Structure formats: C-alpha cells, structure tokens
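Participant: First the structure, which I've put down as structure tokens, then a few questions once you've had a look.
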Amino acid sequence: MSLLAPIICDNGTGYSKIGFAGNSDPSFFLQCLPNCNCYSGTCFTVISGPPVPSKPGQIASKRGVEDLDFFIGDEALANAKTPGFGLNYPIRHGMIDNWDHMERYWEQTIFKYLRAEPEDHYFLLVRPQSPVIVEAPLTQSLQTEPPLNPPENREQTAEIFFESFNIKGLYIAVQAVLALAASWSSNRVTDRTLTGTVIDSGDGVTHVIPCAEGYVIGSAIKHIPIAGRDITQFVLNLMRERGETTAIPPEDQLRVAGKVKENYSYVCQDIVKEFRRFDAEPYKFFERFEGEHSVTGRKYNVDVGYERFLAPEIFFNPEIYSSDFLTPLPQIVDDVIQQSPIDVRRGLYKNIVLSGGSTMFQHFGNRLKRDLKQLVDRRLDASALASGSALKSSGVEVDVISHKRQRYAVWFGGSLLASLPEFYTSCHTKAQYDEIGPSICRRYQIFGSAT
Amino acid sequence: MILLEPHNVIIQTTLGEKIIKPSSLDVAFVDYDGVRFHLSTPQSKTLLLLSMHIRCWDELVKYGALEILQREYGSLLQPQAEPEYNVSLVIDLEQIPASPEDRSAFILSIALFKRNALAAPFELAFKNQKALESSGSGQGELMEIHYRDEEAIYVQASHDRVTVIFSTIFADETDRIFGKVFLQEFVDARRQPAIQNAPQVLYSNRDPPLEIRHLANLRNTEDTGYVTFVLFPRHFTPANAPGTISHIQLFRDYLHYHIKCSKAYMHSRMRHRVAEFQKVLNRAKQEVATTERKTVTGRTMSTR
Ligand SMILES: Nc1ncnc2c1ncn2[C@@H]1O[C@H](COP(=O)(O)OP(=O)(O)OP(=O)(O)O)[C@@H](O)[C@H]1O
Ligand SMILES: [Mg+2]
C-alpha cells in the first residue's frame, strides 16, 4: 500500500486541531453555524458522556457498550444538556489531565472524524510546552519554566498510541519548533531556520519560547498569565460598563464578547490618539454587532466601541486589565532574549514568530516590533553612553513574522514537517517501541531545517 | 458511537461549508481501507473536484462499480479521472438543490462516494442470487475484492443465499485475542431472540472456510482470521439491501474499531486499579522496629 499521509494532532486547552500532513489547514472541518462558536478546522477538546463505571463490581454484570456512548467536540457541547451527560475537559492548562477521557477522545477522533485505520498511519503529536501550574492565573505575576516537563506524559501518550491503536510510527514534536517551521511559509522568511523566539498565545496561557537550532532554551522561557480567555472577559467587562450588554441574554454574553473580539478588534499604534479619533468621529469607528437570541430568535444590536482597540492592548499595557501582572509583552520578549546565551540573541531578535489564536489581532506584529525595537535601541544607546565610546553599534535587527496560518501555526508546522522525507526516519516505529518500551519517546531527532 | 457511519465526515462538512461560502480549496484525506481522497478547486471556486483512489478499483469496475456510480451521480461523474486517482466527480456549487432537505441529502450522497463504489460486488451478488433462484441450484462467480494489501472480501451468490467472507490480519497478538473473543460474542449474541433474524456469522482462525479454500493466494498464518456472513434473501429485499451493504462493507473496520475500544476500556480499568492500589500504599505506615538490642554481655542499649 502506498504510504498514507501522516496524521497531525495538536490538542490544545480550548481546541484541538487535527488533520493530515501536506494540507494547509487542519483537514477536518467542523461546520461553522451562526450560533456556534466553533472555528472551521478546529474542534473543542471536550468529551461528554456518562462516566466510566468506577466500581469494579459493576463490570462483571455489564456486557454493554456504554463506554462507547459519548461525544467529542461540538457534538459534546450540543449534547451537554442530555441527562446523564456532563462536559469534561481532558486537557487543563495545556496538559493532559484525564487519561481515560483522552484515550477515548483520540479513539473517536481517529475512527469517527478522520476515518483512518491507525495501523496504516504515522502520527505527529504536539507536546504541550510545559505544565503551567497556575491555578488562578492572575495571582502570581510571572511564571518561569517549571523545572520539568514530566517525561511520563510523553510515555503515557506513546503507550496509548502504540498499544491501543498499534500505529505505525510516532513523532512527538515540540510546540515551539513547529511554530517556527510554520513561519517558513511566509514569503519574508528566506532561510528555513529553527532559531527564533516563538510567541504562542492560545486560550489559556501565553508563552514566550526561545529556540536555538531546534532546541528550546528552557531556562529562558516565560509564561504570561494573559491569553484569549482573559481578553474575552475584558471585552465583556468594557461592554458591561457601557451598558451594552443589557440587550444580550446572559448565557450568550461571553460568546458575543468572543465574537466581538475576533471580528472587530485590532491593535492601535497609540492609545491616546485612538481615543481621540473615536471621539471625533464616532460614527466612523463604532461598529454594530447584530446577534440573535439563541432560544427565542429575537434580534438585538450591540454597539462596539473602544473595546475594538483596547482588547489586545492588554498585552502592551496590562495595567488596564490586571493589577497583579504589569509587564508588557515586548518587555518580556526582551527579557527572554537577554536571558538566552549571548551567541544566539541576534538570531532570536531577528526571527520572532507568532502562533496561536490570540496573536491574530490586526497589526499585532507591527506594534510588537516597534515597541521591542525601541527597548533594544534605548539599551544600546545607554550602553554606548556608559562606555563613552565614540563607536556606535551597528544596531540589532528586530523582526516579527506574521503569516496567514498563525491561527493553526503549530498544526501547520507539523503538517509541513511531516511531509518531509526525513519525517519517517525521525519517527519511532512500532517495532522500536516494542523493543525498547515507552522510554524511547523521551528523545526525538530534530529535522527539517536547512541550516 | 457504536457503529461506524457509512459516510465521510470531511466530505460532508467541507461541502456544507463551501456551499455557504465558496473559496479555493486543496485538501487530501483518507477513508477506511486505504482509500485516498483529494478535494480541490482547480478551475474556479464554485467547481469542486472530488477524486478517489481505491486500491481494488479494477476489481470493482469488473463488478459494475461504474454503472452504480453513474446511477448515483449521473453527470457529476467525470469520464476522465484526475491523474493518480481512479475516479472523479465535479460538483458545481451553483447547481445545488435549494431546499435544506434536498441539499443535505445531496451532500450526504456525495459523502457516500466510497460506499457506493464498494457496493458494486454486493449489488451484483444480490442480482445474481435472484437470477439463480429461479433455476433452484447453482452458484455464481466467486468475487474477490482485495481492498487492503493482505486482506480481501469474497462475495458469492448461490440460489438461496449470498455468502460474504472477510479475511483479516491482526497486527498485534493482543488484537488477535480480543478479536477472537469479540467474534465469539457475535456468534453468541445471535442466540438472543431479538436478533435472531440477523445474518449468521461464522468465525475461523487460520483455516479458510470451504468456499474459498481452493484459492491459491491465501495466507494461512496464525494472525489471519476469516469471518463468514450468510445473507438470506430477507436480508437484501429492496428495502433492506442498502443498509445491509453499508454495514457489511465496514465490518472489518468495525471489528478493528471495537478491538481498539476494548483495549482503551481495559486501560481505563487498569488505571483505576493502579490508582486504588496507590491509595492503599499511601495509607500504609511504616512500622517502627522496636526490637531490643543486647550486647554480648547481656546489657541492653537504649537511645538517648
Ligand atoms: N481572529 C482572532 N482574533 C483574536 N482572537 C482570536 C481569533 N481567533 C481566535 N482567537 C482566540 O484564540 C483562542 C484559541 O487559540 P488556540 O486555538 O491557539 O488555543 P489552544 O491551542 O486551544 O489553547 P492553548 O494553546 O492555550 O492550550 C481563543 O481564545 C479565541 O477566542
Ligand atoms: Mg495551542
């Protein structure tokens, strides 16, 4: 049989992106109905169904197939109100929390959605960046990389894929490396390098990850406790303050705020000027969101105002949302790079790559680049002044790469890498797994870069 | 999900999306049994080209797949398939039925592309059975469909029945055992009054059933299993036939799906057990050794 395309899975906190290598989008699309907040190509990482019986005594009398009676993704949300069904989120803060649910989640993704025989395919899975042990995100100012990303996690994943599903081969990839690979599709990138700084902002957390030739510089990673979920909440707060939300049914408010954020927000260059512009010509800048009550079908209108530019502003001026976490994103990126080994810093400034849904705001990259450049230049000037030397440094090149597939950058990077011939030799095969055991999955070869 | 669905979810959802909002597209994906699909818009955003590659295409054509596809898809079927694929359909998004019901029926029929191609030998066998019935004896041709590298479906009509035999390979020792238990369960389940009308199922490991024993290219190793279904005319009345075909052609995948699910179930039991043992271990306290220690002369030692 000619080789079938490898399967790429990126299981995120909020959404899973699943599809076949070689495609440019996660190739399984869930329908995007007007009143469902799903995105095509993604699927909620939720599973609903009656719990697996926990009492051992129950098993002997039971010959049914209750353990197959569950839904994942949008269908899980649709069935959440069925008696006996509850919603479960097997992934928390990017880490797998419930292996029973996760195993069944994968079972259904493969057999129901992808319709693939796992025995015929290679798989590329994405290893979450790190266990983020923030329970209440805003209580602590800044998280640095927790000491270890437990290898058992990878081993358990390998166990499931090799032993339950008998897959042909497995590659567990590092999220940041895939995001870097995804940026090769941008026409501004000329060399396929795996050196750069990745800013990954999803639903739960934002990571800033420096990478040198495919290796993550673990000691310099930083996490920011602000991501998509917080921005949506912030938009909702703003709309509430203005009294816009009275028209929206309470259970829909968060969803509407999410839509407003995704459809109308952008990053401005100067917040004061932007306020002035809005006040001078409100009719030009205010937008109108039209919604429909999900039960009664009643139509309603909401004005969208300052939140258009204030929402993403919390990355650059976090004090407008939180009183605990105050460091702007450009400052953190600068810190991360300064903490990395000196010989890779140039490469890290030159190739700052965006990934994840919450970096999708218009002009996000430009603003980040401008602010970061200012920080760097100021420091260079200061050190030139301090050393009193007449020689001025040639400057540091700062570049932020945005590209079309940012929303699924990690998945897309996986799709690219898994279409390279080296992918198959970099995978661990079923035979190797049987020989050595799960510990084999602690190490994977880096491949694909042209340098 | 207990039964696998006959239609392809990616085709269904993609078409549904593109009808609402046409845009250029180029995706490749798979279906069971090594089928490869390619969905693209080579000419314009509203003309979707759907191509399929099936390993056993030549065999299917021999058994009348083209006629069936012609019947199902009419003018959508392309005389010339896309290179590297066996058969192509062109779907014009501007000529899709307007009413919601017709529209979803249309989408579903496209999503059944593989099912319809693979239905050919079954439909032919049902037809042959009808023809043989009047003569009261005799057997039709033994149709072989090599739908996977080492696995095949054999379909044969005779005057009173249609026999369908699957050969399947278990890649893994554990799978073989699960498969055996599962198929035994199938045979037993049929004894229940509610499903006595279900087709008879026979299972054999290693030894091929009589009907196909004369074939030369069989692989009689320990990891091979044969499943035989005997379909009687009541199973393929005009009303039942489409459902029977949809179910039976997915049987191999259904079997392997359930083996995987059983393993997942076992794993969750194991995790549960380990967690229980861990609780016991956590409760355990270490005993403090309090034996009296004496010197040779008989004096005891005490800790200060
Ligand atoms: N166009 C957009 N503009 C702004 N935000 C967006 C846009 N599209 C999606 N988002 C936000 O991106 C978030 C989802 O991103 P993503 O799919 O990368 O997260 P994830 O991978 O599930 O989570 P994590 O990486 O934290 O585990 C959601 O909060 C969503 O609201
Ligand atoms: Mg993510």
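Participant: Would you tell me the mean number of C-beta atoms belonging to other protein chains that fall within 10 Å of each C-beta in B:160-172, as a whole number? Can you show the working numbers first?
Facilitator: On the way: counts 0, 0, 0, 0, 0, 0, 0, 0, 0, 1, 2, 7, 7.
For this peptide, the per-residue mean of nearby foreign Cβ atoms is 1.
Participant: Additional query: Using θ = phi - 60° and the Karplus relation 6.51 cos²θ - 1.76 cosθ + 1.60, list the HN-Hα couplings for segment A:6-20 in order, rounded to whole Hz, with x at every Gly or Pro.
Facilitator: Once θ is set to phi - 60°, the couplings for segment A:6-20 become x, 9, 10, 10, 10, 8, x, 4, x, 9, 9, 10, 9, x, 9 Hz.
Participant: Now for a different question. So what is the relative contact order for segment A:228-315, in percent, with contacts set as C-alpha pairs under 8 Å and at least six apart? Could the numbers behind the result be given before it?
Facilitator: Working: 101 pairs, mean separation 32.6, N = 88.
It rounds to 37 percent for segment A:228-315.
Participant: Would you pull out the residues with amide H under 5 Å of residue A:227's amide H, same chain only if 5 or more places away, H placed 1.01 Å from N?
Facilitator: Counting only residues 5 or more places away or on other chains, the set is empty.
Participant: Also: Between residue B:241 and residue A:247, what FRET efficiency follows from the Cβ-Cβ distance if R0 is 41 Å, with the result rounded to 0.05? The partial results should precede the final answer.
Facilitator: Numbers: r = 54 Å, r/R0 = 1.33.
In this case the efficiency is close to 0.15.
Participant: Which helices pass in chain B if a helix is a full DSSP H run, must span at least 15 angstrom along its long axis by Cα, and must have mean Kyte-Doolittle hydropathy not below 0.5? Before the final figure, lay out the partial values.
Facilitator: Values: long enough: B:9-20 (17 Å, 1.11); B:100-111 (16 Å, 0.38); B:120-135 (23 Å, -0.40); B:173-189 (24 Å, -0.01); B:251-283 (48 Å, -0.92).
What comes out of the filter, once short or polar helices are dropped, is B:9-20.
Participant: Write down the Kirkwood hydrodynamic radius of segment B:9-118, to one decimal in angstroms, obtained as one divided by the mean of 1/r over all alpha carbon pairs. List each step's numbers first, then the result.
Facilitator: Working: mean 1/r = 0.0708 Å⁻¹.
Result for segment B:9-118, one decimal place: 14.1 Å.
Participant: Show the residues, 5+ positions off or on another chain, whose built amide H is closer than 5 Å to the amide H of residue A:117.
Facilitator: Result for residue A:117 returns B:33, B:34.
Participant: Under a plain spin-label model, where a point goes 7 Å from the Cα along Cα-to-Cβ, how far apart in nm are residue B:234 and residue A:92?
Facilitator: About 5.4 nm, to one decimal.
Participant: What list do you get for B:250, A:385, B:77, A:194 if you sort them by fewest beta carbons within 10 Å? Write out the running numbers ahead of the final one.
Facilitator: Values: B:250 20, A:385 9, B:77 16, A:194 24.
Final ranking by Cβ density, sparse to dense: A:385, B:77, B:250, A:194.
Participant: Taking each residue of A:110-123 in turn, how many C-beta atoms of other protein chains fall within 10 Å of its C-beta, and what is the average? Present the calculation step by step, with values, prior to reporting the outcome.
Facilitator: On the way: counts 2, 11, 5, 4, 5, 17, 6, 12, 4, 7, 7, 1, 0, 0.
Other-chain Cβ atoms within 10 Å of each residue's Cβ, averaged: 6.
Participant: Summing -39500 (n - 2.57) over the DSSP H runs of n ≥ 4 in the protein assembly as shown and dividing by its residue number, what mean residue ellipticity at 222 nm do you reach, to the nearest 500 deg cm²/dmol?
Facilitator: Numbers: 25 runs with 266 residues, N = 755.
It comes out at -10500 deg cm²/dmol, rounded to the nearest 500.
Participant: Still on this structure, please answer the following. Specify which residue in the list A:254, A:227, A:239 is farthest towards the positive end of the charge dipole of segment A:140-278, using unit charges on the beta carbon of Lys, Arg (+1) and Asp, Glu (-1), about the Cα centre.
Facilitator: The listed residue farthest towards the positive side: A:239.
Participant: Sticking with this one: Loop-only check: which GluC sites (Glu not before Pro) in segment B:97-167 are DSSP coil with at most 10 other Cβ within 10 angstrom? Before the final figure, lay out the partial values.
Facilitator: Working: sites: B:101, B:123, B:133, B:141, B:144, B:150, B:151; in loops: B:141, B:150, B:151.
Here no GluC sites (Glu not before Pro) fit, given the DSSP loop and packing criteria.
Participant: Summarise the partner chain shielding of B:248-258 as one whole number: the mean count of Cβ atoms from other chains within 10 Å of each residue's Cβ.
Facilitator: Neighbouring Cβ atoms belonging to other protein chains average 2 per residue here.
Participant: Quick one: which residues, 5 or more positions from residue B:158 or on another chain, have an amide H under 5 Å from its amide H? H modelled 1.01 Å from N in the peptide plane, none for Pro or chain starts.
Facilitator: Excluding prolines and chain starts, which carry no amide H, the hits are B:140, B:163.
Participant: Quick check on my link table: of A:259/B:45; A:17/B:18; A:222/A:273; A:168/B:263; A:222/A:369; B:114/B:180, which ones sit more than 24 Å apart, alpha carbon to alpha carbon?
Facilitator: Values: A:259/B:45 27 Å; A:17/B:18 19 Å; A:222/A:273 31 Å; A:168/B:263 17 Å; A:222/A:369 18 Å; B:114/B:180 28 Å.
Table pairs above 24 Å Cα-Cα are A:259/B:45; A:222/A:273; B:114/B:180.
Participant: Spin-label point model (7 Å from Cα, Cβ direction): what's the residue B:211 to residue A:263 distance in nm?
Facilitator: 5.7
Participant: By average Cβ neighbour count within 10 Å, what is the ranking of B:161-170, B:16-25 from highest down? Mind showing how you got there, number by number?
Facilitator: Numbers: B:161-170: 21.9, B:16-25: 14.8.
In descending order of packing, they fall as B:161-170, B:16-25.
Participant: While we're looking at this one, here's another question. For the protein assembly as shown, with equal point scatterers placed on the C-alpha atoms only and solvent neglected, what are the log10 I(q)/I(0) values from the Debye formula at q = 0.06, 0.10 1/Å, to two decimals?
Facilitator: After summing over all Cα pairs, the log10 values are -0.45, -1.11.
Participant: Moving on. For segment B:125-260, what class follows from the C-alpha gyration tensor (a ≥ b ≥ c being the square roots of its eigenvalues): rounded when a/c is under 1.5, otherwise prolate if a/b is larger than b/c, else oblate? Mind showing how you got there, number by number?
Facilitator: On the way: a/c = 1.99, a/b = 1.34, b/c = 1.48.
Oblate.
Participant: Provide, in order from the shortest bin, the percent of all Cα-Cα pairs of chain B in each 20 Å bin, continuing until the bin that contains the maximum pair distance.
Facilitator: 26, 46, 16, 6, 5, 1
Participant: Of all alpha-carbon pairs in segment A:228-315, indicate the percentage at a distance above 16 angstrom.
Facilitator: 51
Participant: In nm, to one decimal, how far is the modelled label at residue B:24 from the one at residue B:201, with both set 7 Å along Cα→Cβ?
Facilitator: 4.9
Participant: As an exercise, identify the GluC sites (Glu not before Pro) in segment A:193-293 lying in DSSP coil whose Cβ has no more than 16 other Cβ atoms within 10 Å. Don't jump to the answer; show the numbers that get you there.
Facilitator: Numbers: sites: A:213, A:241, A:244, A:251, A:262, A:274, A:287, A:290, A:292; in loops: A:213.
Answer by residue number: A:213.
Participant: Exactly which GluC sites (Glu not before Pro) in segment B:179-231 are in a DSSP loop and have at most 11 other Cβ atoms within 10 Å?
Facilitator: Working: sites: B:185, B:211, B:222; in loops: B:222.
For GluC sites (Glu not before Pro) across segment B:179-231 that sit outside H, G, I, E and B with at most 11 neighbouring Cβ atoms in 10 Å, the list reads B:222.
Participant: Once you have the Kirkwood Rh of segment A:364-451 from its Cα pairs, apply Stokes-Einstein at 25 °C and 0.890 mPa s and quote D in µm²/s.
Facilitator: D, rounded to a whole number, is 139 µm²/s.
Read the figures in this text as sums done on the coordinates, not as results from a lab. Predicted, not measured: the structure shown is a model, and the values here were computed from it. In this analysis, Cβ positions are derived from the backbone assuming ideal geometry, glycine residues included, and neighbour counts consider all displayed protein chains.
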